[in-house]
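In what follows, a structure is listed as structure tokens, so that the remarks can point back to it.
The values are calculated or read from the model by the stated rules, or taken from the named source; none is laboratory data. Predicted, not measured: the structure shown is a model, and the values here were computed from it. Note that each Cβ is placed from the backbone with ideal geometry, even for glycine, and that neighbours are counted across all protein chains shown. The area values use the complete protein model at the heavy-atom level, side chains included, leaving out ligands, DNA and RNA. Shrake-Rupley method; radii C 1.70, N 1.55, O 1.52, S 1.80 Å.
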Amino acid sequence: MDPIRSRPRVLTTPTSAAQPQAGTQQAAAPARANAVGHTGLSTFQGTAPARAAAAQATPGSWRGGPDTEVGKAVRAMWERMQQMPGNDISIKGDTPASLLGRAILDSKHVTNEQLIAMSKVSLDQLATDPATRQKVLDKVPNARELPVHKFTVAMLSAATGIDPRKLSEACPDLGLTGAPNTPLLYAASSERMQRSTALHDFTDYLRGAGIKGLNKAVWGVENRILSAIVSAVGGGRY
């Protein structure tokens, strides 16, 4: 807000006749200050405090009102995210909340139907089998302790409503680059790769759970391998 300024006054050459008028103007100054204080802020209190920033809209709130199915799904996802363990982790300038909000909830390429379907995905649809989990832990023993794993779990748990501890237990490879049943499976060291891996695991796990078109919505291609390549080279629509 611009500070309140007094209006410019026309100056005249003082004369003996004008001197009483100057005194009158000086006497009127407190009245003007009081008038300003009545309508805004008293000059005694200093400059006016900055107005509070407008509350930021919930990502995806433009999709539908609070009573619509998609509106309820988006609001539930966002509320879960605010309470999610790992939401304070930052990777390449993003938290799980900011990445979920920008790349998924606010994305014009992700449909309302896909968001509603996400909210109905169960743990059984995402869980890897015990043998695969063991392969993951043989290659990366501390997989579940990695910040990128917790980051990815937070996003996926907020979207689906699945308990994050159960999701981490069932999918220890979340956040790891590569695939458990291939020679390529590791914890990426660069934050750029960590962030793209977290988002690709989010979209591809949900694709595997039956939400078609989600890889294409975020990466431009639906195929698992091709979308992973796009992710690895820094592509994507987010």
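Values as computed for the structure displayed
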{"item": "Under 21 Å from the Cα of Lys216 - lysines, other chains or at least 8 residues apart", "result": "Lys108, Lys120"}
{"item": "Gain on full stretching of the segment that runs from Arg102 to Ser90 - 0.36 nm per residue minus C-alpha separation", "result": "2.9 nm"}
{"item": "Area accessible to solvent at Asp67, 1.4 Å probe radius, in Å²", "result": "130 Å²"}
{"item": "Paramagnetic reach from His109 in region 202-224 [backbone N under 14 Å; point 7 Å along Cα→Cβ]", "result": "203-204, 213-224"}
{"item": "Rounded to whole Hz, the Karplus (6.51, -1.76, 1.60) HN-Hα couplings of region 208-215, x for glycine and proline", "result": "x, 7, x, 8, 6, x, 6, 4"}
